[in-house]
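Read the structure below first, then the notes.
The values are calculated or read from the model by the stated rules, or taken from the named source; none is laboratory data. All of these numbers come straight from a predicted model, not from anything done at the bench. Neighbour counts run over all protein chains shown; Cβ positions are idealised from the backbone, glycine included. Only protein heavy atoms, including side chains, enter the accessible area calculation; ligands, DNA and RNA are left aside. Shrake-Rupley method; radii C 1.70, N 1.55, O 1.52, S 1.80 Å.
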Amino acid sequence: MTQVASPRWDIFCRVVDNFGDIGVCWRLARQLADEFDLPVRLWVDDLASFARIAPELDVAAAGQLLAGVTVAHWSGTFDGVVPAEVVIEAFACELPAAYRAAMPGVTRCWLNLEYLSAEEWVTGCHGLASPQGQGLQKFFFFPGFVAGTGGLLQEHRQQIERERWHAGDAARFLAQFINPASKALAGQRLAQRQLSLFAYPNRALPSLLDVLAADSALSRVYVPDSLISKAVDEYAGGYIEPGMLWQRGNLQLLALPMLAQDDYDRLLWSCDVNFVRGEDSFVRAQWAGKPLVWHIYRQEEEAHLDKLAAWQARYLADCPAGAAAACAAALAAWNREQTDGAVWQNWLRTLPDLALHARGWAKQLAQHGNLAANLVSFVAGRV
């Protein structure tokens, strides 16, 4: 029997927000190659940013094989490049003109992978086709939180590891980031609350840290290198060297290097609370099943606040009233950069209820399948 070759997939990614766009595309490309044995080529315009989350990447190579994916530098004219049967234009990044011109008669499914949104209109637009001429159609594929959308990215191997992750794994994982000079301070008292902080610059940061410093429980905040790191250093009165613990009252700050994606996932699993930003870390924090505070990417005319409200309404629909109100207030304070310490004090008191709710939310999301599997199913009926 003749075996039919799997269709080739091309994913195009322009790095707009440092790590968010490439974070999503790299996870998707790896999963398609790993779990579905598909030939995937990932075109990326900014290899230097990509290497921050995939340290094994050779930024000088025009093409390379990484984790089963062909990674290609998006540069030049694309003359002579043969398009794939399945083409994903991530986040409306616009395909190269020469590549687009060569698609008719070759490409059988062209998709625009859209940004994640919980807004009501998404289900009505998911899967719609837009005629592009010359026999081509472009389909709009929306990730989402409910049935009728594309679901969320979740790799099977990460899901299995997360289910096996326990307190001992978390303690060993977090301990590796503390350098020898800080071991004595770290060993004086065990941190009762572990938090990760990955966010955009935020004027609400000092009020949050002040509340943690004054709280009766010792909190340790892990800060992967990101845009908020400078503000953390300013709060501490100087540069915090990665691995060095800085303490004021019951607050400890620990700066981390930029983490590879798999290690960042483990950080989220290991912490009791996660502050996240954009899209990729936001999705991973929800799969972690821990309380989270989302710093949504700011848009003109505050359009991002509508997206925040839409997700918040879904996320908190089944949450106990007191915890839901505290979470909503914290999200508002963080995204509107308000400096009301009372918001954070109330939020801390409701963390046990929010932790229980977060676990239930992760189970609810899993009922809608995962983005990669839903993409493969969608494409199967069109190639």
Worksheet item: Once amide H atoms are built 1.01 Å from N in the peptide plane, which residues 5 or more positions from H295, or in another chain, come under 5 Å H to H?
Response: V276, R277, G278
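Report for the chain the percent antiparallel among DSSP-assigned beta bridges with both residues inside it, nearest 5. Please report the intermediate quantities before stating the final value.
On the way: 12 of 52 bridges.
Antiparallel: roughly 25 percent of the beta bridges in the chain.
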Worksheet entry | Alpha carbon centroid spacing (whole Å) that separates the stretch 351-369 from the stretch 160-178 | 20
Discussion item. Whole angstrom only: what separates the Cα centroid of the stretch 80-153 from the Cα centroid of the stretch 181-218?
Written reply: 42
Worksheet entry | the chain - accessible surface per residue (Å², probe 1.4 Å) | 43
Worksheet, complete the sentence: DSSP beta bridges in the stretch 113-234: the antiparallel percent, rounded to 5, is 45
Worksheet item: How are the C-alpha pair distances of the chain spread across 10 Å bins, as whole percents from the shortest bin up?
Response: 5, 22, 31, 24, 12, 4, 1, 0
Worksheet item: Which aspartates and glutamates, on any chain, are close to K138 with Cα under 15 Å apart, when same-chain ones fewer than 8 places away are left out?
Response: D10, E85, E89, E94, E114
Practice prompt. Please provide three numbers in whole Å: the alpha-carbon extents of the stretch 6-74 along the principal axes, with the largest listed first.
Written response: 31, 22, 19
Item to complete: Starting at the first residue of the stretch 35-50, write each ³J(HN,Hα) from the Karplus equation 6.51 cos²θ - 1.76 cosθ + 1.60 with θ = phi - 60°, in whole Hz, x for Gly and Pro.
Response: 8, 10, 6, 9, x, 10, 10, 10, 8, 10, 7, 10, 6, 5, 5, 4
Response to the item:
Taking 185-196, 21-32 and ranking on average Cβ neighbours within 10 Å, highest first, one gets 21-32, 185-196
Worksheet item: Out of S219, S75, S281, any idea which swings most in a Gaussian network model of the chain, alpha carbons joined below 10 Å?
Response: S75
Item to complete: Tell me the label-point distance for the pair R314, Y239, using the 7 Å Cα-to-Cβ offset, in nm and rounded to one decimal.
Response: 4.2
Item to complete: For K307, go through the lysines and keep the ones whose alpha-carbon is under 24 Å away, minus same-chain ones fewer than eight residues off.
Response: K290, K363
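So, R0 is 35 Å and r is the distance between the beta-carbons of V376 and E56; what FRET efficiency does that work out to, to 0.05? Provide the component values of the computation, followed by the final result.
On the way: r = 26 Å, r/R0 = 0.74.
After rounding to 0.05, the efficiency reads 0.85.
Is the stretch 206-260 rounded, prolate or oblate when judged by the Cα gyration tensor, a ≥ b ≥ c being the square roots of its eigenvalues, rounded requiring a/c under 1.5 and prolate requiring a/b larger than b/c?
Prolate, since a/c reaches 1.5 and a/b exceeds b/c.
By the scheme Lys and Arg +1, Asp and Glu -1, what is the net charge of all other residues having a beta-carbon under 14 Å from that of V59?
On the way: positive: R52; negative: D45, D46, E56, D58.
That sum, taken over residues with Cβ under 14 Å, equals -3.
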Worksheet item: Under a Cβ-Cβ limit of 4.7 Å, which cysteines in the chain have nobody to pair with?
Response: C93, C109, C125, C271, C319, C327
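Leaving out ligands, DNA and RNA, and with a 1.4 Å probe, what % of the accessible surface on the chain is carbon or sulfur? All intermediate terms of the calculation are to be shown ahead of the outcome.
Numbers: 8580 of 16320 Å².
Accessible surface attributable to carbon and sulfur in the chain totals 53 percent.
Place a +1 charge on the Cβ of each Lys and Arg in the chain and a -1 charge on the Cβ of each Asp and Glu, then give the dipole magnitude about the Cα centre in debye, rounded to the nearest 20. Each step should come with its number before you reach the end.
Working: 32 positive and 41 negative charges, 160 e Å.
Dipole magnitude for the chain comes out near 780 debye.
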